[in-house]
Amino acid sequence: MAKIGSAKLYIGIAIFLIIFVPPFAKYQELRYKNQKLAERIDALKAENMLLEQQKKSLETDIVYVEKRARDKMGLIRKGEIVMRGTPSKPAKK
């Protein structure tokens with residue numbers, strides 16, 4: 001009789017595992033994906049805020065616009081001379 005009782009216990013455990021383990025694994029996978037998506041949303045929100053600040057600066061700050069134009073397009077004012085340096089070689093010891 002003890003063998004029948006323990007066999008029923010093992011069958012019950014096996015049925016429990018078959019029914020509940022796959023959905024639990026799927027739940028864990030979806031939870032992980034949700035966490036990664038939440039992190040991506042936070043990063044995109046931060047990037048969006050930065051872009052909004054840049055947009056506002058481009059619309060209102062003439063000094064910022066001039067700096068961006070100089071950096072991106074290599075623009076210079078009339079009469080300015082552009083001096084470009086080359087990286088120096090490290091000293092040998």
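The values are calculated or read from the model by the stated rules, or taken from the named source; none is laboratory data. Predicted model, so just to flag it, every value in this text is computed and none were measured. Note that we place each Cβ from the backbone using ideal geometry, even for glycine, and neighbour counts take in every protein chain shown.
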Original post:
Quick one: what pairs do we get from the range 15-31, first residue in contact (Cβ under 8 Å) with a residue 40 or more places away in the chain, second aromatic (Phe, Trp, Tyr) and not in a helix (DSSP H, G or I), C-beta under 9 Å, 6+ apart or different chains?
Top reply: none
**OP:** Kindly provide the set of residues from the range 54-93 that are exposed (fewer than 11 other Cβ atoms within 10 Å of the Cβ) and either of a type in the set (S, T, N, Q) or part of a helix (DSSP H, G or I) (or both), ordered by number.
**Re:** LYS55, GLU59, THR60, ILE62, VAL63, ASP71, LYS72, MET73, THR86, SER88
Subject >> Single residue of ARG84, ARG31, ARG40 found to be at negative phi and either at pLDDT below 95 or touching a strand residue (DSSP E or B) at 6+ places or on another chain (Cβ under 9 Å) (or both) >> reply: ARG84
